[in-house]
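Peer 1: So that we are looking at the same thing, I have put the structure below in structure tokens.
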Amino acid sequence: MPQTSRARSASTIVLTAGLLALTACTGPEPTPPPKNSPPVFENEEQALAAGTEAYESYLGVWNRVVADGGVDAARIDEVTTGELRTFENESLSKLKELGWTFSGAASLEVFTISDWYSKPDAAGVLIVGSACVDMTGLHAMDGAGESVIKPERPAKRTWAVHIAPGAADQPPYVLAKHEVIKEGSSCGE
């Protein structure tokens, strides 16, 4: 009998040592992410300020790329995301192919928000709004020096805008959607 209990004792020791080795290899339980992260915006004023700043940043980069005739259109990536990024890159790259030269700039006249979220919605959107842009300061000439801007071009263009959180290498807020919704002689039309 003493041999049996020695065998049991040896196997118990081996099993215990194995379990201890396994538990020693595992680290502490990971800390779960906080269930309630703080809101991005506490009120509409903060959302409006962030949306306005994001749109002005976008328009600034857009104006610089246009002024350079579409050269290095990928600069627009700094201030856009998703499908809008692809669309803007393709559109701005075409300017280089056309050989047009640009002067002046488009300018933001009014930015308004129709909705804002304290956290991104399912599509990643934080702010839904519109931007009315004055286009009268932007001029374009073809290779012969002739204006390519039609005299009947509307002075103002209003865009539906979605603002989303920026990636780590971007500003805090970037454009995710930018579609013309109306054109006219003023923002109120």
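Peer 1: For region 145-185, just list the percent of Cα-Cα distances falling in each 10 Å bin from zero outward, please.
Peer 2: Distribution as computed: 24, 30, 25, 19, 2 percent.
Peer 1: As a test of the definition: which semi-axes, in Å, follow for region 42-184 when you take the square root of five times each eigenvalue of its alpha carbon gyration tensor? Largest first, please.
Peer 2: 28, 17, 11
Peer 1: May I ask you to sort H139, H178 by Cβ crowding, counting other Cβ atoms within 10 Å and putting the fewest first? Intermediate results must be reported in sequence, preceding the final value.
Peer 2: Numbers: H139 14, H178 17.
Lowest count first: H139, H178.
Peer 1: So in region 42-184, what percent of DSSP beta bridges are antiparallel if you round to the nearest 5?
Peer 2: 95
Peer 1: Which order do F102, F87 fall in if you start with the one that has the fewest other Cβ atoms within 10 Å?
Peer 2: Lowest count first: F87, F102.
No lab work stands behind these numbers, since they all come straight from the coordinates. Just so you know, these numbers come straight off a predicted model, no measurement behind them. A quick note on method: Cβ atoms are made from the backbone with ideal geometry, for glycine too, and the neighbour counts reach across all protein chains shown.
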